[in-house]
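S.K.: Structure incoming, see below.
The values are calculated or read from the model by the stated rules, or taken from the named source; none is laboratory data. Bear in mind that the values here come from a model prediction, so they are computed numbers and not experimental data. All Cβ positions, glycine included, derive from the backbone under ideal geometry; neighbour counts span all protein chains shown. Side chains included, ligands, DNA and RNA excluded: accessible areas come from the protein's heavy atoms. Shrake-Rupley method; radii C 1.70, N 1.55, O 1.52, S 1.80 Å.
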Amino acid sequence: MDFWTIFSQVLVLFLLILVGYIAGKQQMITKHGAKEISTLVLYITLPALIIRAMQFDFSIELLGQSLKMIGMAIAVYAGTISLSYLFAKLLRAKGKEKDVFQTAMIFPNVGFMGYPITQGLYGTQGIFYTSLFNMPFDLLMWTVGVHMLSRSSDSTASKKKGLAALLNPGTIAVAIGFTLFILSIKLPPILDSTLLYLASATTPLAMLAVGSTLARTRVDAIFANKKLLLTAVIKVALIPAIMIVLFTILKLDGYFLKIPIIITAMPVAANVAIFATRYESDELLASQLIFLTTLMSLVTIPLIALFLG
């Protein structure tokens, strides 16, 4: 896949955000409507996407590689979580600003961008390894992500603790999808088609919600916010660069080098804005970060992909 092909895939997401922005400016999507769309994505379309993304054959031969990729994902997330505390401290961020900045550094846009881009770059094997790498995402988003975004919030939805925090659509979908994956169970065609339609709605709905949220703030203010700009650079450039150096030293190659770096280099996950809305954090700041990192990734993702070969 060449630079322009990757560029065009990222541009599609950026244009969807633009449509949501216009809809928000015209009051076709209100603040209340954006929250309802976010809830729809979290509880219906995203779980459908997760389950269906894991509908591929599992073989004993791939077991070792599968466990290795899952282990790498856990290690990468542990690293980015640690770095998020360091960078948030360097940025001197506090309160909801700190909550959003940290969460944004950790969670990449896998479901909406990672799958199509890795499929284009590496074919069906790319989808396979991306699905494995993405397994910890939802568990961490619904636990670490919720914890971070609700630290400075009074949202009643953020008060669930312990086991109750794990019983959510995201982790339940991961459990169902992984069980089907391990047992090589294929969904009946009718159910598979139903999930396909629901899953297909995730990206446009999420991007529209992000765009409509952006409509409530001035876009020019994004480029005047130095902390915002620095966080975006850290997310799409600095953290992937650190990983490239580390993985090269460890002499990793093939999919175990490319997939983690490509996925980590993705823009901020739309889930961050959706969860920020759900748990009454700073959804405007989250949406600004998604907008900015998506814009920057028009250049950074093609360059990183070309560098990795």
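S.K.: Examine segment 70-81 for a residue that is open to solvent by 20 Å² or more (accessible area, probe 1.4 Å) and under 21 Å from Ala286 (Cβ atoms), and state whether such a residue exists.
M.R.: yes
S.K.: How many residues are modelled with pLDDT under 90 and either closer than 17 Å to Met141 by Cα or touching a Lys or Arg at 6+ places or on another chain (Cβ under 7 Å) (or both) when one looks only at segment 234-272?
M.R.: Selection size over segment 234-272: 2.
S.K.: When only residues in segment 48-90 that are assigned to a helix (DSSP H, G or I) and among the aromatic types (Phe, Trp, Tyr) count, which is farthest from Asp192 (Cα to Cα)?
M.R.: By that ranking, first place goes to Phe87.
S.K.: May I ask you to list the residues in segment 92-142 that are open to solvent by less than 30 Å² (accessible area, probe 1.4 Å) and not in a helix (DSSP H, G or I)?
M.R.: Ala93, Phe107, Pro108, Asn109, Asn134
S.K.: Sticking with this one: Starting from segment 179-204, keep only residues that are among the hydrophobic types (A, V, I, L, M, F, W, C), then list their pairs with residues that are surrounded by fewer than 18 Cβ atoms within 10 Å (Cβ to Cβ) and not in a loop (DSSP other than H, G, I, E, B) whose Cβ atoms are within a distance under 8 Å, requiring at least 6 positions of separation or different chains.
M.R.: Ile185/Thr179; Leu198/Ile44
S.K.: Looking only at segment 1-32, count every residue that is part of a helix (DSSP H, G or I) and of a type in the set (D, E, K, R) and tell me the total.
M.R.: Number of matching residues: 2.
S.K.: Scan Ile44, Ile37, Ile70 and give me the residue that is among the aliphatic types (A, V, I, L, M), within 22 Å of Gly126 (Cβ to Cβ) and touching a residue at least 40 places away in the same chain (Cβ under 8 Å).
M.R.: From the options Ile44, Ile37, Ile70, the qualifying one is Ile70.
S.K.: Quick one: what pairs do we get from segment 290-309, first residue under 10 Å from Ala232 (Cβ atoms), second aromatic (Phe, Trp, Tyr), C-beta under 7 Å, 6+ apart or different chains?
M.R.: From segment 290-309, the pairs are Thr294/Phe14; Leu295/Phe14.
S.K.: Quick check on segment 219-238. Is at least one of its residues under 22 Å from Tyr129 (Cβ atoms), part of a helix (DSSP H, G or I) and open to solvent by 40 Å² or more (accessible area, probe 1.4 Å)?
M.R.: Within segment 219-238, none of the residues are under 22 Å from Tyr129 (Cβ atoms), part of a helix (DSSP H, G or I) and open to solvent by 40 Å² or more (accessible area, probe 1.4 Å).
S.K.: Something else: For segment 32-72, give me each residue that is farther than 30 Å from Arg216 by Cα and touching a Leu at 6+ places or on another chain (Cβ under 7 Å).
M.R.: Ile51, Arg52, Met54, Gln55, Ser66, Met69, Ile70
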